[in-house]
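Student: There's a structure below that I have some questions on.
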Ligand code: SF4
C-alpha cells in the first residue's frame, strides 16, 4: 500500500468553528491533534489514501461540521 498522498483530495478544518470537542483527534489521531487552546490542529491537508476513510469518519463525528473533505477537479 502506498503512503503517498492521494491526488485530487484535500482536507480542511474551520479553526474558528471548532468547539474543542476533540472527537477528530480520537477518531483519526494520525490526521488531527488539539492545540493548547483545545482547538483542532490539522497534521496534513493531503492525507495518504489509506487514511481517507478515517478523515471521512472524523468529519462525520465533528459536532459543528468543521472538517471538510474536498475533491479537486482533475
Ligand atoms: S471534532 Fe470538530 S469541533 Fe471537535 S476538535 Fe475536531 S474540528 Fe474541533
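Student: Taking the stretch 15-30, which residues are touching a residue at least 24 places away in the same chain (Cβ under 8 Å), more than 6 Å from the ligand (Cβ to nearest atom) and under 11 Å from the mean Cα position of the chain (by Cα)?
Tutor: 27, 28, 30
Student: Mind counting the residues in the stretch 45-61 that are touching a helix residue (DSSP H, G or I) at 6+ places or on another chain (Cβ under 6 Å) and farther than 11 Å from residue 31 by Cα?
Tutor: Qualifying residue count for the region: 2.
Student: Further question: Name every residue in the stretch 33-72 that is free of Cβ contacts under 8 Å to residues at least 24 places away in the same chain and in a loop (DSSP other than H, G, I, E, B), in order of residue number.
Tutor: 35, 36, 37, 38, 43
Rule-based calculations on the coordinates, nothing more; no lab input. Just so you know, these numbers come straight off a predicted model, no measurement behind them. Here the Cβ is made from the backbone with ideal geometry for all residues, glycine too, and neighbour counts use every protein chain on show.
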